[in-house]
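The values are calculated or read from the model by the stated rules, or taken from the named source; none is laboratory data. Please read these numbers as outputs of a predicted model, since none were measured by experiment. With ideal geometry, Cβ positions are generated from the backbone for all residues, glycine too; neighbour counts draw on all protein chains shown. Heads up: the accessible areas ignore ligands, DNA and RNA and are worked out on the full protein's heavy atoms, side chains in. Shrake-Rupley method; radii C 1.70, N 1.55, O 1.52, S 1.80 Å.
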Amino acid sequence: QVQLVESGGGLVQFGGSLRLSCAASGSIFSIYGMGWYRQAPGKQREVVAGIISGGSPYYADAVKGRFTISRDNAKNTVYLQMNSLKPEDTAVYYCNRWPVPFGSWGQGTQVTVSS
């Protein structure tokens, strides 16, 4: 079972940037596709971006051109660079296996974008 710890969230103004990090335990991290998901208040959790080693990244339409996912298998870490943030990006962000997440989730990291 891989354990996931997200960090890097915070409060940012409209148009600002944040970089999220997700540290994963387990020596087999590199074989998994990894993704970022988010859940806004009152809404279902949704996928934001996903990446498979050696493959092209996937982005939800709402974040294309603004977010960039990357991974460092040597550090068992996946990142999400978020630029041009909008109030509608406000959510708790989680990382997990992608496209099929593990059954358990980390604590997530809160991202709040003020208008």
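Criterion applied to 104, 115 was being closer than 19 Å to residue 17 by Cβ and loosely packed, with under 12 Cβ neighbours inside 10 Å, and the one residue passing it is 115. Each residue in segment 59-95 was checked for being crowded, with 16+ Cβ neighbours inside 10 Å and either at pLDDT below 95 or part of a strand (DSSP E or B) (or both), and 16 pass. Criterion first (exposed (fewer than 15 other Cβ atoms within 10 Å of the Cβ) and of a type in the set (Gly, Ala, Ser)) does residue 15 satisfy it? For residue 15, the condition - exposed (fewer than 15 other Cβ atoms within 10 Å of the Cβ) and of a type in the set (Gly, Ala, Ser) - is met. Selection of segment 25-35 for residues being surrounded by 16 or more Cβ atoms within 10 Å (Cβ to Cβ) and free of Cβ contacts under 8 Å to residues at least 60 places away in the same chain yields only 29. With respect to (1) out of contact with any Asp or Glu (no Cβ under 6 Å at 6 or more places or on another chain); (2) open to solvent by less than 20 Å² (accessible area, probe 1.4 Å); (3) assigned to a strand (DSSP E or B), the lone exception for residue 5 is condition (2).
I'd like the full set of residues that are of a type outside the set (Gly, Ala, Ser) and either under 14 Å from residue 44 (Cβ atoms) or not in a strand (DSSP E or B) (or both), limited to segment 96-107.
98, 99, 100, 101, 102, 105, 107
Could you go through segment 40-47 and let me know if any residue there is open to solvent by less than 20 Å² (accessible area, probe 1.4 Å), under 12 Å from the mean Cα position of the chain (by Cα) and among the hydrophobic types (A, V, I, L, M, F, W, C). Looking for residues that are open to solvent by less than 20 Å² (accessible area, probe 1.4 Å), under 12 Å from the mean Cα position of the chain (by Cα) and among the hydrophobic types (A, V, I, L, M, F, W, C), one finds none in segment 40-47, hence no.
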